[in-house]
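Below is one structure, written out as C-alpha coordinates, with a few remarks after it.
The values are calculated or read from the model by the stated rules, or taken from the named source; none is laboratory data. Remember, predicted model here, so these are calculated numbers, not experimental data. Please note: Cβ atoms are built from the backbone with ideal geometry, for glycine as well, and neighbour counts cover all protein chains shown. Ligands, DNA and RNA are excluded from the accessible area calculation, which covers all protein heavy atoms including side chains. Shrake-Rupley method; radii C 1.70, N 1.55, O 1.52, S 1.80 Å.
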Amino acid sequence: MTGTELSPGMRAMSDRVSGADYPAWRRQVERVRYCARPVRVTGCASAVDTSTGEVSASFSSGDQPDGTLLIACGDRRASVCASCAETYRRDMWHVVASGLQGRSTATSSGTHTGARADTAGSVVPSTVESHPRLFVTLTAPSFGPVHSARGGAVCRPRSGRARVCAHGRPAGCGLVHDTAHPVVGTPLCADCYDYAGAVLWNSHAGELWRRTRIGIDRALAPLASAATGAPVTASGVRDLLRVSYVKVSEFQKRGLVHLHLVIRLDGADPNGGIVAPASWATAALLSSAVRRAVGAAAVALPSPDGRLRVAQWGSQFDVSDVSAGGPAGDTRRVAAYLAKYATKTASDSAGASGALASRFRRLHRTWLRRKVGRHLATLVETAWDLGGRADLADLKLRSWAHTLGYRGHFATKSRRYSVTLGALRAARRTWRAEQRSASGEPDVWHTATDAGAAVVGDFSYAGRGYTHATDADLARMMAREYEDALHEYRDLLRREAEMAEWCPLTDE
Ligand SMILES: [Zn+2]
Ligand SMILES: [Zn+2]
Ligand SMILES: [Zn+2]
(Lines give C-alpha, C1' and ligand atoms only; values in the text may rest on other atoms or scores of the structure.)
(Ligands and ions follow the chains in the order given, each with its own letter.)
Protein backbone atom coordinates (compact mmCIF):
# COMPACT_ATOMS: atom_id res chain seq x y z
CA MET A 1 0.00 0.00 0.00
CA THR A 2 1.50 3.35 -1.00
CA GLY A 3 1.18 6.54 0.99
CA THR A 4 -1.12 8.14 -1.59
CA GLU A 5 -3.84 5.46 -1.45
CA LEU A 6 -7.02 6.53 0.28
CA SER A 7 -9.06 4.48 2.71
CA PRO A 8 -12.61 3.67 1.46
CA GLY A 9 -14.00 6.34 3.80
CA MET A 10 -11.59 9.01 2.59
CA ARG A 11 -12.32 8.01 -1.01
CA ALA A 12 -16.09 8.40 -0.49
CA MET A 13 -15.54 11.80 1.09
CA SER A 14 -13.24 12.85 -1.73
CA ASP A 15 -15.82 11.68 -4.32
CA ARG A 16 -18.47 13.77 -2.59
CA VAL A 17 -16.37 16.92 -2.44
CA SER A 18 -15.16 16.66 -6.05
CA GLY A 19 -18.62 15.72 -7.41
CA ALA A 20 -20.48 18.09 -9.72
CA ASP A 21 -23.42 18.28 -7.32
CA TYR A 22 -21.26 19.14 -4.28
CA PRO A 23 -22.38 22.82 -4.16
CA ALA A 24 -26.03 21.69 -4.18
CA TRP A 25 -25.33 19.06 -1.51
CA ARG A 26 -23.52 21.63 0.60
CA ARG A 27 -26.48 24.02 0.30
CA GLN A 28 -28.80 21.27 1.56
CA VAL A 29 -26.56 20.53 4.53
CA GLU A 30 -26.35 24.24 5.33
CA ARG A 31 -30.12 24.47 5.08
CA VAL A 32 -30.58 21.71 7.70
CA ARG A 33 -27.89 23.48 9.75
CA TYR A 34 -25.55 20.47 9.73
CA CYS A 35 -28.15 18.21 11.33
CA ALA A 36 -26.50 14.93 12.42
CA ARG A 37 -29.29 12.63 11.20
CA PRO A 38 -31.65 14.45 8.84
CA VAL A 39 -34.80 12.84 7.46
CA ARG A 40 -34.54 12.08 3.72
CA VAL A 41 -37.64 12.52 1.60
CA THR A 42 -38.32 12.20 -2.10
CA GLY A 43 -41.03 13.91 -4.12
CA CYS A 44 -41.96 17.15 -5.78
CA ALA A 45 -43.90 20.34 -5.11
CA SER A 46 -45.22 23.22 -7.22
CA ALA A 47 -46.48 26.68 -6.35
CA VAL A 48 -49.73 27.11 -8.26
CA ASP A 49 -51.49 30.44 -8.78
CA THR A 50 -54.98 29.77 -7.38
CA SER A 51 -56.78 32.05 -9.86
CA THR A 52 -55.03 31.09 -13.12
CA GLY A 53 -53.78 27.58 -12.33
CA GLU A 54 -50.36 28.62 -13.56
CA VAL A 55 -47.30 26.97 -12.00
CA SER A 56 -44.99 29.76 -10.82
CA ALA A 57 -42.22 27.63 -9.29
CA SER A 58 -41.54 23.96 -8.88
CA PHE A 59 -39.24 21.70 -6.95
CA SER A 60 -38.31 18.07 -7.50
CA SER A 61 -36.05 16.03 -5.24
CA GLY A 62 -34.92 14.29 -8.43
CA ASP A 63 -32.86 17.42 -9.24
CA GLN A 64 -31.14 17.23 -5.85
CA PRO A 65 -27.98 15.32 -4.92
CA ASP A 66 -28.80 11.60 -4.37
CA GLY A 67 -32.35 12.43 -5.52
CA THR A 68 -33.40 13.35 -1.98
CA LEU A 69 -34.38 16.38 0.02
CA LEU A 70 -32.95 16.65 3.56
CA ILE A 71 -35.07 17.83 6.49
CA ALA A 72 -33.48 18.65 9.88
CA CYS A 73 -34.35 16.10 12.58
CA GLY A 74 -35.23 18.93 15.01
CA ASP A 75 -34.31 16.82 18.05
CA ARG A 76 -33.75 18.84 21.19
CA ARG A 77 -31.41 16.27 22.76
CA ALA A 78 -27.73 17.15 22.41
CA SER A 79 -26.91 13.43 22.60
CA VAL A 80 -28.97 12.79 19.45
CA CYS A 81 -28.17 15.82 17.27
CA ALA A 82 -25.74 18.44 18.53
CA SER A 83 -26.74 20.90 15.89
CA CYS A 84 -30.55 20.75 16.20
CA ALA A 85 -30.12 20.79 20.00
CA GLU A 86 -28.05 23.96 19.62
CA THR A 87 -30.86 25.60 17.65
CA TYR A 88 -33.30 24.49 20.35
CA ARG A 89 -31.01 25.84 23.08
CA ARG A 90 -30.85 29.25 21.38
CA ASP A 91 -34.64 29.31 20.97
CA MET A 92 -35.10 28.37 24.63
CA TRP A 93 -32.72 31.16 25.57
CA HIS A 94 -35.01 33.62 23.78
CA VAL A 95 -38.12 32.11 25.42
CA VAL A 96 -36.63 32.45 28.91
CA ALA A 97 -34.82 35.76 28.38
CA SER A 98 -37.76 37.53 26.74
CA GLY A 99 -39.90 36.73 29.79
CA LEU A 100 -37.21 38.16 32.06
CA GLN A 101 -36.16 41.20 30.06
CA GLY A 102 -39.03 41.79 27.70
CA ARG A 103 -37.53 43.10 24.48
CA SER A 104 -34.21 41.31 24.39
CA THR A 105 -31.24 43.27 23.10
CA ALA A 106 -30.33 42.47 19.52
CA THR A 107 -27.59 39.87 19.64
CA SER A 108 -25.57 38.16 16.98
CA SER A 109 -27.10 34.84 18.03
CA GLY A 110 -30.52 36.34 17.36
CA THR A 111 -29.47 37.28 13.88
CA HIS A 112 -27.97 33.90 13.18
CA THR A 113 -30.93 31.84 14.33
CA GLY A 114 -33.27 34.24 12.58
CA ALA A 115 -35.17 34.42 15.86
CA ARG A 116 -35.01 38.15 15.94
CA ALA A 117 -35.34 40.28 18.99
CA ASP A 118 -38.28 42.23 17.62
CA THR A 119 -40.40 39.06 17.51
CA ALA A 120 -39.91 38.51 21.20
CA GLY A 121 -40.13 42.20 22.00
CA SER A 122 -43.49 42.57 20.31
CA VAL A 123 -44.96 39.93 22.62
CA VAL A 124 -43.44 40.81 26.00
CA PRO A 125 -43.19 44.45 27.11
CA SER A 126 -39.81 45.51 28.45
CA THR A 127 -41.59 46.59 31.66
CA VAL A 128 -41.37 42.96 32.85
CA GLU A 129 -37.90 43.93 34.00
CA SER A 130 -39.56 45.76 36.86
CA HIS A 131 -41.74 42.77 37.89
CA PRO A 132 -40.78 40.49 40.78
CA ARG A 133 -38.98 37.46 39.30
CA LEU A 134 -37.60 34.40 41.02
CA PHE A 135 -35.27 31.64 39.94
CA VAL A 136 -36.43 28.47 41.67
CA THR A 137 -34.93 24.97 41.83
CA LEU A 138 -37.06 22.12 43.17
CA THR A 139 -35.57 18.72 43.91
CA ALA A 140 -36.82 15.27 44.88
CA PRO A 141 -36.56 13.99 48.43
CA SER A 142 -34.14 11.24 49.42
CA PHE A 143 -34.90 7.58 48.66
CA GLY A 144 -31.82 6.34 50.44
CA PRO A 145 -28.26 7.56 51.02
CA VAL A 146 -26.21 8.02 47.84
CA HIS A 147 -22.56 8.82 47.17
CA SER A 148 -22.04 12.48 46.46
CA ALA A 149 -19.35 14.93 45.41
CA ARG A 150 -18.99 17.54 48.11
CA GLY A 151 -16.42 19.87 46.64
CA GLY A 152 -13.39 18.14 48.19
CA ALA A 153 -15.10 17.07 51.43
CA VAL A 154 -15.71 13.48 52.51
CA CYS A 155 -18.71 11.78 50.82
CA ARG A 156 -20.68 10.57 53.86
CA PRO A 157 -18.82 10.65 57.17
CA ARG A 158 -20.22 7.79 59.29
CA SER A 159 -22.46 9.04 62.03
CA GLY A 160 -21.88 7.69 65.55
CA ARG A 161 -24.79 5.24 65.22
CA ALA A 162 -24.89 2.21 62.94
CA ARG A 163 -21.63 1.28 61.17
CA VAL A 164 -23.41 -1.01 58.74
CA CYS A 165 -26.90 -1.19 57.25
CA ALA A 166 -29.34 -4.09 57.67
CA HIS A 167 -27.59 -5.80 54.74
CA GLY A 168 -24.19 -5.56 56.34
CA ARG A 169 -22.92 -2.83 54.03
CA PRO A 170 -21.07 0.27 55.32
CA ALA A 171 -23.48 3.01 56.39
CA GLY A 172 -20.98 5.74 55.48
CA CYS A 173 -18.32 6.52 52.87
CA GLY A 174 -15.02 8.12 53.80
CA LEU A 175 -13.90 8.86 50.24
CA VAL A 176 -13.76 12.19 48.44
CA HIS A 177 -15.49 11.93 45.04
CA ASP A 178 -15.01 14.02 41.94
CA THR A 179 -18.32 15.23 40.37
CA ALA A 180 -17.66 13.22 37.22
CA HIS A 181 -16.99 9.94 39.06
CA PRO A 182 -19.52 7.24 38.09
CA VAL A 183 -20.18 6.34 41.75
CA VAL A 184 -21.72 9.78 42.40
CA GLY A 185 -25.52 9.52 42.68
CA THR A 186 -25.50 5.75 43.26
CA PRO A 187 -26.77 4.32 46.56
CA LEU A 188 -24.51 3.14 49.38
CA CYS A 189 -26.68 0.04 49.52
CA ALA A 190 -28.88 -0.87 46.56
CA ASP A 191 -30.99 -3.11 48.80
CA CYS A 192 -31.75 -0.24 51.19
CA TYR A 193 -32.59 2.11 48.32
CA ASP A 194 -36.34 2.65 47.70
CA TYR A 195 -36.37 2.11 43.91
CA ALA A 196 -40.17 1.80 43.70
CA GLY A 197 -40.52 5.06 45.63
CA ALA A 198 -38.08 6.83 43.29
CA VAL A 199 -39.89 5.67 40.12
CA LEU A 200 -43.32 6.52 41.55
CA TRP A 201 -42.01 9.95 42.58
CA ASN A 202 -40.73 10.64 39.03
CA SER A 203 -44.04 9.54 37.57
CA HIS A 204 -45.92 11.98 39.84
CA ALA A 205 -43.51 14.93 39.57
CA GLY A 206 -45.72 16.62 36.95
CA GLU A 207 -48.79 16.36 39.21
CA LEU A 208 -46.74 17.60 42.17
CA TRP A 209 -45.79 20.72 40.20
CA ARG A 210 -49.43 21.24 39.10
CA ARG A 211 -50.53 21.24 42.76
CA THR A 212 -47.64 23.52 43.71
CA ARG A 213 -48.69 25.97 41.00
CA ILE A 214 -52.27 26.06 42.39
CA GLY A 215 -50.79 26.35 45.89
CA ILE A 216 -48.89 29.53 44.92
CA ASP A 217 -52.18 31.31 44.11
CA ARG A 218 -53.68 30.05 47.38
CA ALA A 219 -50.65 31.21 49.37
CA LEU A 220 -50.76 34.63 47.70
CA ALA A 221 -54.30 35.30 49.01
CA PRO A 222 -53.50 35.83 52.73
CA LEU A 223 -50.29 37.68 51.80
CA ALA A 224 -52.26 40.01 49.51
CA SER A 225 -54.84 40.54 52.28
CA ALA A 226 -52.11 41.47 54.73
CA ALA A 227 -50.40 43.77 52.24
CA THR A 228 -53.54 45.61 51.09
CA GLY A 229 -55.49 45.51 54.34
CA ALA A 230 -58.53 44.24 52.42
CA PRO A 231 -59.69 40.61 52.45
CA VAL A 232 -58.59 38.71 49.33
CA THR A 233 -59.97 35.23 48.67
CA ALA A 234 -58.06 32.47 46.90
CA SER A 235 -60.13 32.99 43.75
CA GLY A 236 -59.97 36.79 44.14
CA VAL A 237 -56.18 36.72 43.80
CA ARG A 238 -56.54 36.35 40.06
CA ASP A 239 -58.25 39.76 39.89
CA LEU A 240 -55.07 41.32 41.30
CA LEU A 241 -52.10 39.18 40.36
CA ARG A 242 -50.98 36.71 37.72
CA VAL A 243 -48.21 34.19 38.19
CA SER A 244 -46.40 33.15 35.03
CA TYR A 245 -43.46 30.81 34.68
CA VAL A 246 -41.13 28.82 32.47
CA LYS A 247 -40.03 25.40 33.71
CA VAL A 248 -37.25 23.07 32.62
CA SER A 249 -36.89 19.54 34.00
CA GLU A 250 -33.58 17.80 34.35
CA PHE A 251 -32.36 14.51 35.75
CA GLN A 252 -29.97 14.44 38.63
CA LYS A 253 -27.24 11.81 38.67
CA ARG A 254 -29.32 9.75 41.11
CA GLY A 255 -32.01 9.46 38.40
CA LEU A 256 -34.61 11.76 39.93
CA VAL A 257 -36.22 14.71 38.20
CA HIS A 258 -35.57 18.19 39.42
CA LEU A 259 -37.07 21.41 38.14
CA HIS A 260 -35.61 24.80 37.34
CA LEU A 261 -38.13 27.60 37.01
CA VAL A 262 -38.35 31.29 36.42
CA ILE A 263 -41.50 32.54 38.16
CA ARG A 264 -42.70 36.07 37.44
CA LEU A 265 -45.44 38.08 39.13
CA ASP A 266 -47.61 40.25 36.86
CA GLY A 267 -50.62 42.41 37.52
CA ALA A 268 -54.05 41.28 36.27
CA ASP A 269 -54.95 42.95 32.98
CA PRO A 270 -58.59 42.57 31.90
CA ASN A 271 -57.38 42.78 28.28
CA GLY A 272 -55.10 39.77 28.76
CA GLY A 273 -51.88 41.76 28.42
CA ILE A 274 -48.78 41.71 30.61
CA VAL A 275 -48.84 44.57 33.12
CA ALA A 276 -46.85 45.41 36.25
CA PRO A 277 -48.35 44.31 39.59
CA ALA A 278 -49.18 46.80 42.37
CA SER A 279 -46.15 48.04 44.32
CA TRP A 280 -47.05 45.95 47.39
CA ALA A 281 -46.59 42.79 45.29
CA THR A 282 -42.85 42.41 45.83
CA ALA A 283 -40.35 39.65 45.13
CA ALA A 284 -40.30 38.93 48.86
CA LEU A 285 -44.08 38.41 48.82
CA LEU A 286 -43.85 36.10 45.79
CA SER A 287 -40.96 34.25 47.39
CA SER A 288 -42.87 33.55 50.58
CA ALA A 289 -45.90 32.35 48.57
CA VAL A 290 -43.65 30.00 46.56
CA ARG A 291 -41.96 28.67 49.71
CA ARG A 292 -45.32 27.99 51.36
CA ALA A 293 -46.69 26.24 48.28
CA VAL A 294 -43.53 24.13 47.85
CA GLY A 295 -43.62 23.10 51.50
CA ALA A 296 -47.32 22.17 51.41
CA ALA A 297 -47.60 20.38 48.04
CA ALA A 298 -48.16 16.62 48.31
CA VAL A 299 -49.49 13.77 46.19
CA ALA A 300 -50.44 10.40 47.72
CA LEU A 301 -48.67 7.67 45.75
CA PRO A 302 -50.08 4.25 44.88
CA SER A 303 -48.72 1.47 47.03
CA PRO A 304 -47.62 -1.57 44.98
CA ASP A 305 -45.65 -3.00 47.94
CA GLY A 306 -47.86 -2.04 50.89
CA ARG A 307 -45.64 0.94 51.80
CA LEU A 308 -47.42 4.26 52.23
CA ARG A 309 -45.68 7.01 50.30
CA VAL A 310 -46.48 10.67 49.68
CA ALA A 311 -44.69 12.59 46.92
CA GLN A 312 -43.32 15.90 48.20
CA TRP A 313 -40.45 18.17 47.22
CA GLY A 314 -37.06 17.55 48.77
CA SER A 315 -35.90 19.82 51.57
CA GLN A 316 -33.10 21.09 49.30
CA PHE A 317 -34.91 23.68 47.23
CA ASP A 318 -33.71 27.09 46.26
CA VAL A 319 -35.56 30.36 45.68
CA SER A 320 -33.44 33.29 44.46
CA ASP A 321 -34.58 36.78 43.64
CA VAL A 322 -33.53 37.63 40.08
CA SER A 323 -35.54 40.84 39.90
CA ALA A 324 -33.65 43.87 38.63
CA GLY A 325 -31.25 44.85 41.38
CA GLY A 326 -31.94 41.61 43.22
CA PRO A 327 -29.00 39.71 44.66
CA ALA A 328 -28.83 37.26 41.72
CA GLY A 329 -30.21 39.62 39.10
CA ASP A 330 -28.17 38.42 36.12
CA THR A 331 -31.06 37.56 33.83
CA ARG A 332 -28.91 36.57 30.85
CA ARG A 333 -27.08 34.04 32.99
CA VAL A 334 -30.35 32.56 34.28
CA ALA A 335 -31.66 32.28 30.71
CA ALA A 336 -28.45 30.59 29.57
CA TYR A 337 -28.63 28.13 32.47
CA LEU A 338 -32.24 27.10 31.76
CA ALA A 339 -31.62 26.89 28.02
CA LYS A 340 -28.63 24.62 28.57
CA TYR A 341 -30.62 22.23 30.73
CA ALA A 342 -33.45 22.10 28.21
CA THR A 343 -31.20 20.16 25.85
CA LYS A 344 -30.14 17.62 28.46
CA THR A 345 -32.52 14.72 28.91
CA ALA A 346 -33.41 11.67 30.86
CA SER A 347 -31.82 9.55 28.21
CA ASP A 348 -28.67 11.67 28.51
CA SER A 349 -28.81 10.82 32.16
CA ALA A 350 -29.44 7.17 31.41
CA GLY A 351 -26.87 7.44 28.63
CA ALA A 352 -29.16 5.70 26.15
CA SER A 353 -31.57 6.45 23.36
CA GLY A 354 -35.30 6.00 22.96
CA ALA A 355 -34.59 2.51 21.67
CA LEU A 356 -33.78 1.60 25.24
CA ALA A 357 -37.31 0.56 26.16
CA SER A 358 -37.67 -1.75 23.19
CA ARG A 359 -34.30 -3.32 23.86
CA PHE A 360 -35.31 -3.74 27.46
CA ARG A 361 -38.41 -5.53 26.27
CA ARG A 362 -36.06 -8.15 24.92
CA LEU A 363 -34.65 -8.44 28.41
CA HIS A 364 -31.23 -7.05 27.67
CA ARG A 365 -30.70 -6.39 31.33
CA THR A 366 -26.99 -7.08 31.18
CA TRP A 367 -26.62 -4.80 28.19
CA LEU A 368 -28.50 -2.04 30.00
CA ARG A 369 -26.40 -2.38 33.15
CA ARG A 370 -23.21 -2.16 31.15
CA LYS A 371 -24.51 0.83 29.23
CA VAL A 372 -25.91 3.05 32.01
CA GLY A 373 -24.62 1.49 35.22
CA ARG A 374 -26.38 -0.61 37.80
CA HIS A 375 -28.28 2.19 39.54
CA LEU A 376 -30.02 3.76 36.51
CA ALA A 377 -30.56 0.29 35.05
CA THR A 378 -32.34 -0.76 38.27
CA LEU A 379 -34.58 2.33 38.01
CA VAL A 380 -35.47 1.34 34.42
CA GLU A 381 -36.08 -2.27 35.50
CA THR A 382 -38.24 -1.13 38.41
CA ALA A 383 -40.32 1.11 36.12
CA TRP A 384 -40.69 -1.81 33.72
CA ASP A 385 -41.71 -4.27 36.45
CA LEU A 386 -44.18 -1.85 38.08
CA GLY A 387 -45.55 -1.07 34.62
CA GLY A 388 -46.66 -4.69 34.33
CA ARG A 389 -49.06 -4.35 37.27
CA ALA A 390 -52.74 -3.88 36.48
CA ASP A 391 -53.28 -1.53 39.45
CA LEU A 392 -50.63 0.86 38.07
CA ALA A 393 -51.72 0.62 34.42
CA ASP A 394 -52.73 4.31 34.24
CA LEU A 395 -49.16 5.41 35.00
CA LYS A 396 -47.98 3.80 31.71
CA LEU A 397 -44.65 3.06 33.37
CA ARG A 398 -43.48 0.73 30.60
CA SER A 399 -43.82 3.50 28.02
CA TRP A 400 -41.80 5.77 30.31
CA ALA A 401 -39.25 3.26 31.60
CA HIS A 402 -36.51 5.00 29.58
CA THR A 403 -37.29 8.29 31.38
CA LEU A 404 -37.25 6.47 34.72
CA GLY A 405 -40.99 6.91 35.13
CA TYR A 406 -41.11 10.64 34.36
CA ARG A 407 -43.71 11.46 31.74
CA GLY A 408 -43.82 15.24 31.82
CA HIS A 409 -42.53 17.68 29.24
CA PHE A 410 -38.93 18.74 29.56
CA ALA A 411 -39.61 22.41 28.94
CA THR A 412 -42.94 24.15 29.44
CA LYS A 413 -44.18 27.61 30.17
CA SER A 414 -47.40 29.30 31.17
CA ARG A 415 -49.18 31.01 28.30
CA ARG A 416 -48.40 34.58 29.31
CA TYR A 417 -44.77 34.08 30.28
CA SER A 418 -43.22 35.01 26.93
CA VAL A 419 -42.91 34.33 23.24
CA THR A 420 -43.54 30.72 22.16
CA LEU A 421 -41.07 28.36 20.51
CA GLY A 422 -43.53 28.19 17.60
CA ALA A 423 -43.32 31.97 17.07
CA LEU A 424 -39.52 31.81 17.10
CA ARG A 425 -39.54 28.97 14.56
CA ALA A 426 -41.95 30.85 12.31
CA ALA A 427 -39.68 33.90 12.50
CA ARG A 428 -36.71 31.74 11.53
CA ARG A 429 -38.57 30.22 8.57
CA THR A 430 -39.52 33.66 7.30
CA TRP A 431 -36.00 34.92 7.78
CA ARG A 432 -34.47 32.01 5.87
CA ALA A 433 -37.01 32.32 3.07
CA GLU A 434 -36.10 36.00 2.81
CA GLN A 435 -32.42 35.09 2.62
CA ARG A 436 -33.08 32.55 -0.13
CA SER A 437 -35.23 34.90 -2.11
CA ALA A 438 -32.62 37.67 -1.72
CA SER A 439 -30.00 35.30 -3.12
CA GLY A 440 -32.19 34.70 -6.17
CA GLU A 441 -32.77 31.03 -5.31
CA PRO A 442 -36.22 29.94 -6.54
CA ASP A 443 -38.27 28.76 -3.60
CA VAL A 444 -41.64 27.06 -4.04
CA TRP A 445 -42.77 27.63 -0.47
CA HIS A 446 -41.75 31.28 -0.32
CA THR A 447 -43.37 32.02 -3.71
CA ALA A 448 -46.60 30.59 -2.34
CA THR A 449 -46.65 32.91 0.68
CA ASP A 450 -45.94 35.88 -1.59
CA ALA A 451 -48.58 35.72 -4.26
CA GLY A 452 -51.96 34.15 -3.49
CA ALA A 453 -50.56 30.82 -4.58
CA ALA A 454 -50.96 27.35 -3.11
CA VAL A 455 -48.35 24.61 -2.81
CA VAL A 456 -49.28 21.28 -4.35
CA GLY A 457 -46.87 18.50 -3.57
CA ASP A 458 -46.29 14.91 -2.73
CA PHE A 459 -43.38 13.62 -0.66
CA SER A 460 -42.54 10.27 0.80
CA TYR A 461 -40.14 9.15 3.49
CA ALA A 462 -36.89 7.74 2.13
CA GLY A 463 -34.86 7.24 5.26
CA ARG A 464 -33.10 8.69 8.25
CA GLY A 465 -29.56 10.02 8.31
CA TYR A 466 -27.20 10.76 5.42
CA THR A 467 -27.09 8.49 2.38
CA HIS A 468 -23.38 7.79 2.89
CA ALA A 469 -21.76 7.38 6.28
CA THR A 470 -18.94 9.73 5.30
CA ASP A 471 -21.49 12.47 4.47
CA ALA A 472 -22.24 12.64 8.20
CA ASP A 473 -18.51 13.17 8.92
CA LEU A 474 -18.42 15.89 6.31
CA ALA A 475 -21.50 17.57 7.82
CA ARG A 476 -19.79 17.48 11.23
CA MET A 477 -16.70 19.14 9.76
CA MET A 478 -18.87 21.81 8.13
CA ALA A 479 -20.62 22.40 11.46
CA ARG A 480 -17.23 22.96 13.15
CA GLU A 481 -16.14 25.37 10.42
CA TYR A 482 -19.41 27.25 10.85
CA GLU A 483 -19.03 27.43 14.65
CA ASP A 484 -15.43 28.66 14.29
CA ALA A 485 -16.52 31.35 11.85
CA LEU A 486 -19.35 32.33 14.20
CA HIS A 487 -16.94 32.67 17.14
CA GLU A 488 -14.59 34.79 15.07
CA TYR A 489 -17.48 36.98 13.99
CA ARG A 490 -18.63 37.43 17.59
CA ASP A 491 -15.08 38.22 18.67
CA LEU A 492 -14.95 40.86 15.96
CA LEU A 493 -18.26 42.36 17.17
CA ARG A 494 -16.98 42.35 20.75
CA ARG A 495 -13.71 44.01 19.76
CA GLU A 496 -15.62 46.62 17.78
CA ALA A 497 -17.84 47.30 20.78
CA GLU A 498 -14.77 47.64 23.01
CA MET A 499 -13.16 49.98 20.51
CA ALA A 500 -16.31 52.10 20.49
CA GLU A 501 -16.08 52.32 24.29
CA TRP A 502 -12.43 53.32 24.15
CA CYS A 503 -12.96 55.88 21.40
CA PRO A 504 -16.34 57.41 22.27
CA LEU A 505 -15.90 60.25 19.80
CA THR A 506 -15.55 58.20 16.63
CA ASP A 507 -19.28 58.18 15.96
CA GLU A 508 -19.78 61.91 16.36
ZN1 LIG B 1 -30.80 17.27 13.72
ZN1 LIG C 1 -19.01 7.83 48.58
ZN1 LIG D 1 -28.66 -2.05 53.02
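Things to note:
- P187 vs. criteria within 28 Å of the chain's Cα centre (by Cα), within 16 Å of ligand 2 (Cβ to nearest atom) and at pLDDT 95 or above: yes
- Yes/no for R90 being open to solvent by 30 Å² or more (accessible area, probe 1.4 Å) and on the phi < 0 side of the Ramachandran plot: no
One line per residue, one yes/no per condition, for (1) free of Cβ contacts under 8 Å to residues at least 12 places away in the same chain; (2) surrounded by fewer than 23 Cβ atoms within 10 Å (Cβ to Cβ); (3) assigned by TED's automatic domain parsing to the domain that holds R210; (4) under 25 Å from R76 (Cα atoms):
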residue: V372; (1), (2), (3), (4): no, yes, yes, yes
residue: L376; (1), (2), (3), (4): no, no, yes, yes
residue: E381; (1), (2), (3), (4): no, yes, yes, no
residue: D391; (1), (2), (3), (4): no, yes, yes, no
residue: R398; (1), (2), (3), (4): no, yes, yes, yes
residue: A401; (1), (2), (3), (4): no, no, yes, yes
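- Residue that is least open to solvent (accessible area, probe 1.4 Å) [pool: residues in the stretch 153-177 that are closer than 20 Å to Q252 by Cβ and assigned to a loop (DSSP other than H, G, I, E, B)]: C155
- Some residue of the stretch 33-47 being part of a helix (DSSP H, G or I), touching a Ser or Thr at 6+ places or on another chain (Cβ under 8 Å) and in contact (Cβ under 8 Å) with a residue 12 or more places away in the chain: no
- From the list A180, A140, A198, A205, the one residue that fits, being open to solvent by 10 Å² or more (accessible area, probe 1.4 Å) and within 27 Å of the chain's Cα centre (by Cα), is A180.
- Filter pass, A448 being within 30 Å of G62 (Cα to Cα), at pLDDT below 90 and crowded, with 20+ Cβ neighbours inside 10 Å: yes
- Of residues in the stretch 417-442 being out of contact with any Leu (no Cβ under 9 Å at 6 or more places or on another chain), touching a residue at least 24 places away in the same chain (Cβ under 8 Å) and open to solvent by less than 50 Å² (accessible area, probe 1.4 Å), the one nearest to L368 (Cα to Cα): L421
- Evaluated against (1) out of contact with any strand residue (DSSP E or B) (no Cβ under 7 Å at 6 or more places or on another chain); (2) small (G, A, S); (3) at pLDDT below 85; (4) assigned by TED's automatic domain parsing to the domain that holds A336, G408 falls short on exactly one condition, (1).
- Which listed residue is more than 22 Å from W201 (Cβ to Cβ) and either modelled with pLDDT of 90 or more or assigned to a strand (DSSP E or B) (or both), from L338, L308, L285: L285
- Selection status of S148, part of a loop (DSSP other than H, G, I, E, B), within 26 Å of the chain's Cα centre (by Cα) and within 16 Å of ligand 3 (Cβ to nearest atom): no
- Restricting attention to the stretch 146-202 and to residues that are free of Cβ contacts under 8 Å to residues at least 40 places away in the same chain and of a type in the set (S, T, N, Q), the residue that is nearest to ligand 1 (Cβ to nearest atom) turns out to be T179.
- Of everything in the stretch 56-84 that is surrounded by fewer than 22 Cβ atoms within 10 Å (Cβ to Cβ) and part of a helix (DSSP H, G or I), the residue that is nearest to the chain's Cα centre (by Cα) is A82.
- V136 vs. criteria within 16 Å of ligand 2 (Cβ to nearest atom), modelled with pLDDT of 85 or more and not in a helix (DSSP H, G or I): no
- For the stretch 242-273, residues that are among the polar types (S, T, N, Q) and open to solvent by 10 Å² or more (accessible area, probe 1.4 Å) total 2.
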